[in-house]
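The structure appears below as structure tokens.
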Amino acid sequence: MMLDAGGGMSPIDPRLQEALDNERDPGDLPADQQDAYARLMTAATLLSAKPAVSVADRVMAEIRAMPQQLHTGNRWRRAARWLTRPLAVTLRLRPAWTLGLAAGGLAAILLLPGDENGPEPPRATEGIAQFVGHFPGARSVEVVGSFNNWSRGKLHLRDENHNGIWHGDAVLPAGQHEYMFVVDGERWVADPLAGRYVDDGFGVGRQNAVLIVRQANSEDAP
Amino acid sequence: MVNDSVPDAEVVARVLGGDGEAFGILIRRYEPGLLRFATRMLGNPDAAADAVAESLVRAYRHLAQCRDPGRLRSWLYRITGNRCRSHLARRRTNDISLSEAPPLADPSDAWAVVERGEQVALVERALAALPEEKREAFVLKHVEGMSYEEMAQVTGARIPTLKMRVHRAREALLAALQELV
């Protein structure tokens with residue numbers, strides 16, 4: 001490393017920095033700076049060669065092995081059909097106070113009439129997720145997540161008592177899902193009560209909330 | 001079938017509409033740059049390939065979360081940059097093996113290969129000696145040819161900060177590259 005008399009790194013002449021930022025014609029630089037310009041541009045060129053390997057086949061093989069409906073709405077059409085049938089349901093574990101808030105809703109769902117003569121059992125791979133959030137003053141709250149392709153307009157929460165407690169339910173495939181609340185159509189908020197979060201991969205400190213949906217007929221706690 | 005000249009946003013719409021094979025267009029379009037970027041960040045072609053493969057699969061899974069498909073390139077570099085940072089965080093900097101860096105050029109003249117290989121090794125060594133943020137800034141600016149605005153989208157850093165990182169990286173590289181050219 002080149003050090004100057006003071007022990008620090010030698011600064012580059014601002015004119016050279018400008019030329020390297022395409023803000024100045026390098027032809028106007030003094031000869032010694034033109035040499036430095038050429039040295040740095042040569043270094044960049046040496047680093048710019050096309051890599052000899054490819055991961056395309058590997059990535060496409062993994063993509064082809066994914067469920068086909070990953071990016072389609074089939075899941076929701078199936079969920080809508082499922083909701084029209086009386087079923088036993090399994091609920092996602094939530095912090096105690098949110099369960100309390102939703103007690104009325106839970107009771108209503110759990111008391112849905114069953115058909116002992118052979119109602120179609122719930123799909124073994126699905127369960128009900130319940131979302132509750134406290135957003136006083138919000139005009140709208142919706143849920144986007146890995147289960148609806150992070151698309152808005154598909155799962156709106158309700159604040160029927162106008163007390164800032166927004167809630168809603170959805171039938172989801174059993175397993176782990178990531179989600180966010182979208183408040184007033186523009187503010188993305190990770191559920192502060194989710195209890196579990198994962199890095200969303202798009203920036204330092206940005207996280208998605210995680211929910212676990214149990215299978216409707218599962219006896220094992222998640 | 002989607003033509004390779006179709007804009008990113010249109011390809012993204014096709015993928016989200018259920019045409020998963022169309023994602024191959026995006027891979028062909030951006031894989032070389034992503035691999036080059038990851039290789040320069042990690043100094044190891046195998047780790048770079050893993051990071052890019054993981055990033056592309058993650059991008060596919062979360063494609064609907066890309067809020068501006070017109071800026072897909074920045075989004076993909078951002079995901080890849082994050083994967084590289086995760087890889088780097090799991091190992092010490094001095095574990096980076098410059099000798100494992102891939103051959104970059106393929107000229108037919110054997111002497112040119114040797115000479116160029118030595119030059120590449122020198123530049124890679126100088127680049128690897130930079131702190132991670134400056135290395136990233138230099139590669140995005142001068143190897144991937146991004147504007148400072150696009151770099152800001154990729155890194156989440158402010159433009160004045162990025163300019164400072166690039167300037168410092170140039171100074172350090174220039175000092176280390178006195179033998180070059």
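Remarks
- Which listed residue is modelled with pLDDT of 85 or more, under 25 Å from B:LEU174 (Cβ atoms) and surrounded by 22 or more Cβ atoms within 10 Å (Cβ to Cβ), from B:VAL52, B:VAL139: B:VAL139
- First in the stretch B:15-40 and more than 15 Å from B:ALA59 (Cβ to Cβ) and within 7 Å of chain A (Cβ to nearest Cβ), second anywhere and crowded, with 23+ Cβ neighbours inside 10 Å and among the β-branched types (Val, Ile, Thr), Cβ under 6 Å, 6 or more apart: B:ARG40/B:VAL139
- One residue stands out among those in the stretch A:144-159 that are more than 10 Å from chain B (Cβ to nearest Cβ) and of a type outside the set (D, E, K, R): the one that is farthest from A:VAL210 (Cα to Cα), which is A:GLY153.
- Considering B:ARG71, B:ARG78, the condition of being in contact with an Asp or Glu (Cβ under 9 Å, 6 or more places away or on another chain) and either at pLDDT 85 or above or surrounded by 21 or more Cβ atoms within 10 Å (Cβ to Cβ) (or both) is satisfied by B:ARG71 alone.
For every residue, the table says whether it meets (1) assigned to a loop (DSSP other than H, G, I, E, B); (2) at pLDDT 80 or above; (3) within 12 Å of the chain's Cα centre (by Cα).
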site	(1), (2), (3)
A:ASN117	yes, no, no
A:PRO121	yes, no, no
A:VAL132	no, yes, no
A:SER151	yes, yes, yes
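- Tabulated pairs, the stretch A:180-194, first on the phi > 0 side of the Ramachandran plot, second surrounded by fewer than 18 Cβ atoms within 10 Å (Cβ to Cβ) and assigned to a strand (DSSP E or B), C-beta under 9 angstrom, 6+ apart or interchain: none
- Just one of (1) surrounded by 18 or more Cβ atoms within 10 Å (Cβ to Cβ); (2) closer than 19 Å to A:ARG214 by Cβ fails for A:TRP166. It is (2).
- Taking the criterion of being at the interface with chain A (Cβ under 8 Å from one of its Cβ atoms), outside any helix (DSSP H, G or I) and touching a residue at least 60 places away in the same chain (Cβ under 8 Å), the residues of the stretch B:134-181 that qualify are B:GLY156, B:LEU180.
The values are calculated or read from the model by the stated rules, or taken from the named source; none is laboratory data. Just so it is clear, the structure is predicted and the values come from calculations on it, not from any experiment. All Cβ positions, even for glycine, are placed from backbone atoms using ideal geometry, and neighbour counts span all protein chains on display.
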